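The structure appears below as structure tokens.
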Amino acid sequence: MLSLVEVSAGYDSLRALFGVSLEVAAGETVGVIGPNGAGKTTLMRVISGLVGAFAGAITLDGRSIVGAPAHRIVEHGIAHVPENRRLFPRLSVEDNLRIGAFIPAARRHFAEQLAWVYQLFPQLRERRGQPAGTLSGGEQQMCAIGRALMSRPRLLLMDEPSAGLAPLVVQQVFLRSSSSSRTSSRCSRSWTAPISSRSAAFACRAPRPS
């Protein structure tokens, strides 16, 4: 599904990735493990079009996505849950979710996709009118994942999804997120999830989509 071959990338003269190759098959959950500064976030940003590649090939279902702008990457079916969640703190939970459905294909299914995300994360429905910045850390992570799922992705990138969360909250978030990989004719599609994490135990514990 997703293929990276000898990808190098970075920021101006600073190179953060050196010849990275990666294969992610449909239905897989893949953990990218390493310490701070290893290039995990840069890898996620390169795939999602936020950072350009210096060299190498990136393909999705055999189609090159190198050089495509970030909004086109979303239209191809890739959604990114960034490190530290990056919610709009003064906007309501529902408005944050609405932003995730900005592409035309997602807007056509907004109501049903929103209902599905609320079913997946019931706390978000209860707090839909509440400013996102006032949510707990676990609820903010649910909101960030829900926002990404609003675009109806086939590939979901999650960067440091466990950062700052208690182990029980991490387990709750991932058990619910993994259930979203089920195919539903009403409002969702099966997706694949590369996960960036500093914790080897956490990455190995992440559920595999059924």
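Readers should treat all values here as calculations from the given coordinates under stated rules, not as data from a laboratory. Quick caveat: nothing in here was measured; it's all calculated off a predicted structure. FYI the Cβ positions are ideal-geometry reconstructions off the backbone, even for glycines, and counts take in every protein chain you see.
Brief remarks on what is shown
- Listed from fewest to most Cβ neighbours within 10 Å, the set THR134, THR42 follows the order THR134, THR42.
- Using only side-chain charges placed at the Cβ, +1 for Lys and Arg and -1 for Asp and Glu, the dipole size of the stretch 8-130 relative to its Cα centre rounds to 360 debye.
- As a proxy for reagent exposure, ranking PHE18, PHE121 by other Cβ atoms within 10 Å from fewest up yields PHE18, PHE121.
- The order of GLU28, GLU83, going from fewest to most other C-beta atoms within 10 Å of their C-beta, is GLU28, GLU83.
- Calculated from backbone phi, Karplus (6.51, -1.76, 1.60) coupling profile of the stretch 98-110 in Hz, x at Gly/Pro: 4, 4, x, 9, 7, 6, x, 4, 6, 4, 5, 10, 4
- Scanning residues 5 or more positions from GLY31 or on other chains, those with amide H under 5 Å from its amide H are ILE195, with H placed 1.01 Å from N in the peptide plane.
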